[in-house]
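The values are calculated or read from the model by the stated rules, or taken from the named source; none is laboratory data. No experiment lies behind these values; they were computed from the predicted model shown.
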Amino acid sequence: MNNNNNYVSTNRKNSNEVNDSSASAAAAAATSGNISSDEIDYKKLCKQLLRENETLRKRIKELEEAEKRREQEVGREKRALQRNVSELEEELKSMNEIRADNMRLKDENAALIRVISKLSKN
């Protein structure tokens, strides 16, 4: 979002420079005596500014939509990672249960071996 703000602020600066240059050009022309203040084409300047504003609004909308798509993608990835973590936790729990069963079976096996060896001696 910070990049978006930088872009918008840069465009505002550029827009202000255009406005300043247009106004400066109009003022310079008016003061040079070539054009009177009544002849400055404010309608043209207004239309130009309206076009610039519309262009900037479209760009802002595009950036907001791109940000929304990125946020949705991040949300999907986050949910996928959470599912993956849950699956791994279940697998770890299952492995611990299997280890406990394995240990119990080893103990039973050792006990049976002892019983068989005692019976063999008799």
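Would you check if there is a residue in the stretch 65-74 being at pLDDT 95 or above, among the polar types (S, T, N, Q) and assigned to a helix (DSSP H, G or I)? Quick ask: steps written out before the conclusion?
If we filter the stretch 65-74 for residues that are at pLDDT 95 or above, which is where we start, we get 65-74.
Cutting the leftovers down to among the polar types (S, T, N, Q) gives us 72.
Those still in the list that are assigned to a helix (DSSP H, G or I) too: 72.
Taking every residue of the stretch 65-74 in turn, at least one turns out to be at pLDDT 95 or above, among the polar types (S, T, N, Q) and assigned to a helix (DSSP H, G or I).
For the stretch 101-117, does any single residue satisfy the condition of being acidic (Asp, Glu) and under 54 Å from the mean Cα position of the chain (by Cα)? Working first, answer last.
Residues of the stretch 101-117 that are acidic (Asp, Glu), as a first pass: 101, 107-108.
Next, only the ones that are under 54 Å from the mean Cα position of the chain (by Cα) stay: 101.
The answer is yes, given that some residue of the stretch 101-117 is acidic (Asp, Glu) and under 54 Å from the mean Cα position of the chain (by Cα).
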